[in-house]
1. Please find, among D106, D100, D114, the residue that is surrounded by fewer than 21 Cβ atoms within 10 Å (Cβ to Cβ), of a type in the set (D, E) and touching a residue at least 24 places away in the same chain (Cβ under 8 Å).
2. Can you tell me how many residues in the stretch 145-169 are assigned to a loop (DSSP other than H, G, I, E, B) and touching a Phe, Trp or Tyr at 6+ places or on another chain (Cβ under 7 Å)?
3. Within the set of pairs 6+ apart or on separate chains, which have a first residue in the stretch 201-217 that is over 10 Å from Q148 (Cβ atoms), a second that is outside any helix (DSSP H, G or I), and C-beta atoms under 9 Å apart?
4. Can you tell me which residue is modelled with the lowest pLDDT among those in the stretch 65-97 that are of a type in the set (A, V, I, L, M, F, W, C) and surrounded by fewer than 12 Cβ atoms within 10 Å (Cβ to Cβ)?
5. For the stretch 226-262, which positions are closer than 18 Å to A142 by Cβ, open to solvent by 20 Å² or more (accessible area, probe 1.4 Å) and either outside any helix (DSSP H, G or I) or aromatic (F, W, Y) (or both)?
6. Before we move on, is P279 open to solvent by 80 Å² or more (accessible area, probe 1.4 Å) and either part of a loop (DSSP other than H, G, I, E, B) or of a type in the set (F, W, Y) (or both)?
7. Filter the stretch 189-200 down to residues that are buried (at least 17 other Cβ atoms within 10 Å of the Cβ) and free of Cβ contacts under 8 Å to residues at least 40 places away in the same chain, then give me how many there are.
8. Report, by residue number, each residue of the stretch 173-223 that is more than 27 Å from I240 (Cα to Cα) and modelled with pLDDT of 75 or more.
Amino acid sequence: MARGAAQARRQRPKEPPKKRKRAAPAYEQTMFFPRLRRQAKWVFVLLALAFAVGFVAFGVGSGSTGISDILRGNFFGGGGTSTSSRAKEKQKAIKRNPKDISAYLDLAGIYQQDQDNAKALATLSRAKQVAPKNLDVLNRIAGIYSGQAELERQNAQNAQIVYFENTVAPPGLDPSSTLGQAITSDPYSDVLKTRANEAYSKMVSAFSKAEGAYKQLVSAAAGTSQEANAQLQLAGAAQISGDTATAVSAYTRFLKIAPDSPNALAVRQTLAQLKASLPKSQG
C-alpha cells in the first residue's frame, strides 16, 4: 500500500505555478506631471543635440581656423615654446612692421590658446585698423564672437533643462494666468525661471555681437569665394539673435550664389519656415 500511495503521488499532475499579480502602479506613477518631470531632461537634451547638429551642418559658430591653426602651433604650443615668449616675439615683429597682418593673426592665436579672447580681439582690432577689409582678420574676429555665443547658447539650454524638469504646468493651462501662476510659482521655481531668462538674454546678446561681426565679413567678402560661407554664418547668427529679416536675406543670398551646396536643402527648409513667421509685409 505504501508503494501504491507513493506512485499515486508521483503520478498526480503538478499544479501550474500561480502567476504573480503585478503590483498596481503607485498613484504618483500614473500622474502625468511626475512622469513628464522625469522625461523632460531627455526631451530637451535631444532637442539640444538636434539643434547642435544643425549648427554644425551649417558651419555656424566655428571659431577655429582648422588645420591652419595646427600648422601654426595654436593647438600644440608651438613646439614647446612658452606662449609668453612667443607673444613677445610677435609683439616685437608688429613693432618692427605695424603692417604685418600675419604677425597680428599669430599673436591673436597665441592669446586664444591661453583662453584670453579679450586680448585676441584687441589685437585683431588693431589689425583691422591696418587692413579693414582683410578677410582673415574679419573671419577670426567673427569666429571668436561666434564661439562665445555658442557657449552662451549651451548655458541657456542647460538653464532651460533645469527649469523645465523642476517646473511643469498642466496641459492647456496658461502659466501666466492667475491659476497657472499659483500652481507653478514657488520660490525655487521662480529662481530657476529667472536664471533661464537671464541665460537666454545673454545668449541673444552674444549672437547679436556675432551677427555684427559677420555683417562686416559679408561686406568685405562680397563677390569672393568666401561670400557663401560668410552669408551662411551671418544667417545662422541672425536667426538665433532674433533678427529674422537679416536671416532671411542672408539665406536667400546664400542660395543664389551656392544653389548646389550640400547645405542648400536644409537652408531652403529653414528659409521657408522663417518666411512663414515674418509679417506679410516682409514675407
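1. D114
2. The qualifying residues number 1.
3. V204/G242; S208/G242; S208/D243; E211/D243; Q216/P132; L217/Q226
4. Here the residue is I67.
5. Listed by number, the residues that qualify are Q226, D243.
6. No; evaluated as a whole, the condition is false for this residue.
7. Here the count works out to 3.
8. Residues satisfying the conditions are T178, L179, D186, P187, Y188.
The values are calculated or read from the model by the stated rules, or taken from the named source; none is laboratory data. A quick note: this is a predicted structure, and the numbers were derived from the prediction, not measured. When we count neighbours, we look across all protein chains shown, and the Cβ atoms used for this are built from the backbone with ideal geometry, even at glycine. Protein only, heavy atoms only, side chains kept; ligands, DNA and RNA dropped before computing areas. Shrake-Rupley method; radii C 1.70, N 1.55, O 1.52, S 1.80 Å.
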